[in-house]
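What follows is a single structure, written as structure tokens, with notes after it.
The values are calculated or read from the model by the stated rules, or taken from the named source; none is laboratory data. Just so it is clear, the model here is predicted, and its values are computed rather than measured. Cβ placement follows ideal geometry from the backbone for every residue including glycine, while neighbour counts extend to all protein chains displayed.
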Amino acid sequence: MPAIMGDHNSVRGYSPYLQKNRPGHKALRKGRVSLPNHIYSITTTTLNRQRFFDDFIAGCAAARCFENTIILGDAKMLAWVLMPDHAHWLVGLGKQDSLSIVVNRLKSSSSRLANKILGRRGILWEPGYYDHALRAEEELLDTARYIIANPLRAGLVKRVGDYPFWNAIWV
């Protein structure tokens, strides 16, 4: 069987996803600031955009992590959607944990549970993520609506209510 990029069994142990200086990921960190009590829109993708969450049980396992108060710490999940190959989170930071700590906890815990269901090991999420700090209260509901409407735009469902992997504090 051919080696899969990023798999721990890849040829001679080489995996470009474990390199520290991957192009693009350094740029994502440049200028990143994590401000307490601010709201962030976060997007993260699965490794090579693999559709791990086409598996319903793996999606359920990962989604349970997104509202777990132990994982979130003093942050609050305002809205989220889990797509087959990526996730969007709208997170309000608290005073203690930085954005990177919250994202790392979300990715680590969801990866652990989904990997167990999928019968695989190793990296599930790409190491980087995109974040955007919301600057105005008016942006909040529009951003939440945009996040929640992802399955509609992707053509996965005709109504948001038909998609199983999303939530928002306003519903």
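Structure notes:
- Unmet criterion (only one of (1) surrounded by fewer than 19 Cβ atoms within 10 Å (Cβ to Cβ); (2) among the β-branched types (Val, Ile, Thr); (3) within 17 Å of the chain's Cα centre (by Cα)) for Val157: (3)
- Candidates Ala62, Ala87, filtered to the one that is over 22 Å from Asp142 (Cβ atoms) and either among the aromatic types (Phe, Trp, Tyr) or surrounded by 14 or more Cβ atoms within 10 Å (Cβ to Cβ) (or both): Ala62
- Applying the condition of being over 10 Å from the mean Cα position of the chain (by Cα) and in a loop (DSSP other than H, G, I, E, B) to region 73-84 and asking which residue is surrounded by the most Cβ atoms within 10 Å (Cβ to Cβ) yields Ala75.
- Condition met for Phe165 (surrounded by fewer than 14 Cβ atoms within 10 Å (Cβ to Cβ) and either touching a residue at least 60 places away in the same chain (Cβ under 8 Å) or touching an Asp or Glu at 6+ places or on another chain (Cβ under 8 Å) (or both)): no
- You will find that of Ala144, Ala114, the residue that is at pLDDT 95 or above, closer than 14 Å to Ala63 by Cα, crowded, with 17+ Cβ neighbours inside 10 Å and aliphatic (A, V, I, L, M) is Ala114 and no other.
- Of all residues in region 151-171, exactly one satisfies the criterion of being more than 18 Å from Phe56 (Cβ to Cβ) and assigned to a strand (DSSP E or B), namely Ala168.
- Once region 86-132 is narrowed to residues that are assigned to a loop (DSSP other than H, G, I, E, B) and among the hydroxyl-bearing types (Ser, Thr, Tyr), the residue that is farthest from the chain's Cα centre (by Cα) is Ser98.
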